[in-house]
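The values are calculated or read from the model by the stated rules, or taken from the named source; none is laboratory data. Being a predicted model, the structure only gives us computed values, none of them experimental. Cβ atoms come from the backbone with ideal geometry, glycine included; neighbour counts cover every protein chain shown. With ligands, DNA and RNA removed, areas are computed over all heavy atoms of the protein, side chains included. Shrake-Rupley method; radii C 1.70, N 1.55, O 1.52, S 1.80 Å.
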Amino acid sequence: MKKIGLLLISFAYIFISLGQHDEHGHKIGVHPDSLPATLASDFLDKGSFEFHKRTFFMSTINRGDLLNYSALAMGAGLGYYSPAWKNFHIGFSGFFVFQLFENNIYEPDPSTNNTNRYEILLFDMNDFENNRDLDRLEEFYITYKRKHFMAELGRQKFNSPLMNEQDNRMRANLYSGLKLNYAKNQWDLTGAWFTNLTIRGTVDWYSFEESFGVYPFGRNPFGTPSQYKGNVKTAGAGVVGVKHKAKGFSTQAWNYFSENVFNLTFAQTQKKWQHKNLTYTTGIEGFYQTAINDGGNPHPEKAYIMKDEWTYGVGGRLG
């Protein structure tokens, strides 16, 4: 929380300083020719602050002698989003969480020796001792917008079918990198490359290769516990997507590329129509995933996905 507070105060001090004048009418701290005269006042007068508060109670009740779990969390965050200046604007935000109540979420179950894996994600699953000052710098980006085009660089939100915020705990997933978007008429095109991320249930930022194995994982095809945590090599993840809407149809296709690990393609199309007072939806979706090189590690037991392994799935919807 202290880090977030200092960051927000520092930015506020810079903006306020830009808006002050000396006895000659010049802005303090800024050469009169270095910035347009309206820049500081735009930041102060037209920028927007966003306050976000969330309270979350969660409980798991198990059968038999297995432990029951519950937890209550409360948090708040503050963000600042500047107005556009020559098609650029900046944004930054931070959030902190307090634990108000917990029951058994840090205790291993006597029967399985496993710890809680659901309620713990309200806090920091990597630091059980910290339950009073869970703070995280979240968004911190610069955006360029011109007509139908947008480019965003830095820590940011990102939403697509298989790579998104997953905002179902106290805090969401966020990504660090470059995102490009072009939207016009019925078309929406997106391309992105991310090198780091922060995920729900932690306050830490990870490189993409460090993120493999942050959550609990199962066994590999050899029947032994997977060993890919800390052993996957990748430079990051790329995403390309296209969406199109026309005459009640909505279609989208996305490709997810984790360098040296895997490639996954996802496609979906659906149709909505109205009959009397009811809305009907029908659609189909599917994905296809393959390994790249050795799946992240030349040793099969340490790879995230086996070399030459592939998988696919198809589903439909009618309602």
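Observations on the model:
- Note on region 294-318: residues that are over 15 Å from F222 (Cβ atoms) and out of contact with any helix residue (DSSP H, G or I) (no Cβ under 9 Å at 6 or more places or on another chain) amount to 11.
- Matching strands (runs of 3 or more DSSP E) fully within region 1-105 where at least 1 residues are exposed (fewer than 12 other Cβ atoms within 10 Å of the Cβ) and at pLDDT 90 or above: 48-60, 88-103
- Selected residue (criterion: surrounded by the fewest Cβ atoms within 10 Å (Cβ to Cβ)) from residues of region 217-237 that are of a type outside the set (V, I, T) and touching a helix residue (DSSP H, G or I) at 6+ places or on another chain (Cβ under 7 Å): F222
Residue by residue, here is whether (1) at pLDDT 95 or above; (2) open to solvent by less than 50 Å² (accessible area, probe 1.4 Å) holds:
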site	(1), (2)
K179	yes, yes
Y182	yes, no
N185	no, no
A192	yes, yes
G201	no, yes
D204	no, no
Y215	no, no
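- Candidates in region 141-177 are the residues that are open to solvent by 50 Å² or more (accessible area, probe 1.4 Å) and charged (D, E, K, R); of these, the one that is farthest from F95 (Cα to Cα) is K147.
- Residues located in region 269-319, provided they are part of a loop (DSSP other than H, G, I, E, B), open to solvent by 50 Å² or more (accessible area, probe 1.4 Å) and farther than 30 Å from K247 by Cα: N293, D294, P298, H299, Y304, K307, D308, E309
- Flag if K243 is more than 26 Å from Y175 (Cα to Cα) and either at pLDDT 90 or above or in a loop (DSSP other than H, G, I, E, B) (or both): no
- Residue-level analysis places F257 among those that are open to solvent by 40 Å² or more (accessible area, probe 1.4 Å) and under 19 Å from the mean Cα position of the chain (by Cα).
- Residues (open to solvent by 70 Å² or more (accessible area, probe 1.4 Å) and assigned to a strand (DSSP E or B)) located in region 106-140: F140
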